[in-house]
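Everything below concerns the one structure shown next.
No lab work stands behind these numbers, since they all come straight from the coordinates. Quick caveat: nothing in here was measured; it's all calculated off a predicted structure. Please note: Cβ atoms are built from the backbone with ideal geometry, for glycine as well, and neighbour counts cover all protein chains shown.
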């Protein structure tokens, strides 16, 4: 089903509608993002192992970068998550970004919907190694965790606006490294300069490879989602997700039209007309 929605994006809605809706519970979606080498896969593996041991059914979407030439991908996250891939409670799907910006793939909203229909207790998304501007995960996941590493280089550059602003929680991985304490202090000082709401965001110190601090992180994720549900924040995030999804569909329509037409003096007016016409036709087909 995931392959179908990936390869036939224009028919994704119809494909998803054939699936049985899980009316008992909307599975929480947790996103892990961060720069390459921060240890996202190792942390996801440790986190998912803990939940699987509690008999929770977990779906993992691991996005790998694609070749700009062939659009293929190595899909190595599944290899790095070998420890959890053999669990009967865990399903791992590696997907290629296929050149999409934002750290994810164009079909991510559809893939999440497919996985929700199969009754997972929680869905985990691991993004491509992301930079400052790759923030698409904030529109897809209910909870966003930014994974950081003390050995990543220039801390000041990393603490700049962009990806730092989208996180609900910050995870300093590899806490056993000598420079980890100084890194955590700098991070907390940076967050303390922000306004009162953002300064409440949690900082977690973990060593995913040694399974240190992961239990505290898992407990906080559950509490944070519960608080969002009680306050109504989760519904605001779902509305934001829907708007972004509509925008994503429109952008795909525009890209298809622009790439298939010759560019001339009157192209802008022609493109506007074609885009509106194609979107109206698509809406009529969906109805």
Quote the FRET efficiency, to the nearest 0.05, computed for residue 181 versus residue 222 with a Förster distance R0 of 30 Å and r equal to the Cβ-Cβ distance. 0.65
As an exercise, use a Förster radius of 25 Å and the Cβ-Cβ distance of residue 203 and residue 56 to find the FRET efficiency, rounded to the nearest 0.05. 0.50
I need the calculated FRET efficiency for the pair residue 230 and residue 26, taking r as the beta carbon distance and R₀ as 25 Å, to the nearest 0.05. 0.95
Starting from the Cα of residue 247, step 7 Å along the direction of its Cβ; do the same at residue 13; then give the gap between the two resulting points in nm. 1.9 nm
As a footprinting exposure proxy, order 273, 41, 229, 259 by other Cβ within 10 Å, with the fewest listed first. 259, 273, 229, 41
Of the listed peptides 202-209, 107-114, 216-223, what is their order by residue-averaged count of other C-beta atoms within 10 Å, with the highest listed first? 107-114, 202-209, 216-223
